[in-house]
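These notes are about the structure you will find just below.
No lab work stands behind these numbers, since they all come straight from the coordinates. Remember, it's a predicted structure, so these values are computed and weren't measured experimentally. Counting neighbours? That spans all protein chains shown, and the Cβs are built from the backbone with ideal geometry, glycine included.
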Amino acid sequence: MFEATDLIHSYTRSDAIADGGLIEVNEAAKEAGFKVPVALTTAAWHELVAWDQAARPHGPLQDEAGRLWDVLSLAVHAARKERDSPVVEYTVRVMEPRENGPRVVPKRAVMHIGPGDNLEPVITIMLPGED
């Protein structure tokens, strides 16, 4: 029906990583227990991990490495509970600065395992509504 020459455009995982649409977190993911490559969407990174020490009044309480560890360790736990599902939703409790002090807010994350550019298993962590 279709030939490889019929392809008009493709956008690969490697393309998304190169242009900043995905952020690779493979080393931290290995430490958390993942055995395949893991990346976060930029939206998930900004919502769940990003932390600006200088701009936040409660900066010393948080850092990106610790927040990333929370996202990944909770993802590993969720994956173990839902072994047979390619898509797992889970909750990450994220500290957000407020005028009267920091507050912990539950945020939803979605973890998807699927084929990478060469059909190898890869994991993408994103926000609900992203694909």
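Of Thr42, Thr91, Thr12, which has the largest mean-square fluctuation in a 10 Å C-alpha GNM of the chain?
Residue with maximal mean-square fluctuation among Thr42, Thr91, Thr12: Thr12.
For the chain, the longest stretch holding no chymotrypsin sites (Phe, Trp or Tyr not before Pro) located in a DSSP loop with at most 11 other Cβ atoms within 10 Å is which? Walk me through the numbers on the way to the answer.
Details: sites that count: Phe2, Tyr11.
Value returned for the longest uninterrupted segment is 12-131.
Local charge sum around Ala39 (other residues, Cβ-Cβ under 9 Å, Lys/Arg +1, Asp/Glu -1)? Don't skip to the end; give the middle numbers.
On the way: positive: Arg13; negative: Glu24.
With Lys, Arg at +1 and Asp, Glu at -1, the net is 0.
Tilt of helix 64-81 relative to the longest C-alpha principal axis of the chain, in degrees (0 to 90, nearest 10)?
The angle comes out near 60 degrees.
What are the GluC sites (Glu not before Pro) within region 68-131 that DSSP puts in a loop, where the Cβ has at most 11 other Cβ atoms within 10 Å? Don't jump to the answer; show the numbers that get you there.
On the way: sites: Glu82, Glu89, Glu99, Glu130; in loops: Glu82, Glu99, Glu130.
Sites meeting the loop and neighbour criteria: Glu99.
Cβ neighbours within 10 Å, averaged per peptide: list 119-126, 103-110 in order, most packed at the top.
119-126, 103-110
Counting each DSSP H run of 4 or more residues in the chain as -39500 (n - 2.57), what helix-only mean residue ellipticity at 222 nm follows after dividing by all residues, to the nearest 500 deg cm²/dmol?
Working: 3 runs with 31 residues, N = 131.
After summing the helix terms and dividing by the residues of the chain, the value is -7000 deg cm²/dmol.
Please compute the Kirkwood hydrodynamic radius over the chain, one decimal place, Å, based on all pairs of different Cα atoms. Provide the component values of the computation, followed by the final result.
Working: mean 1/r = 0.0625 Å⁻¹.
For the chain, inverting the mean 1/r across all distinct Cα pairs yields 16.0 Å.
For Arg108, project a label point 7 Å along Cα to C-beta. Then give me every residue of region 70-99 with its amide nitrogen under 15 Å of that point.
Only 87-93 pass the distance filter.
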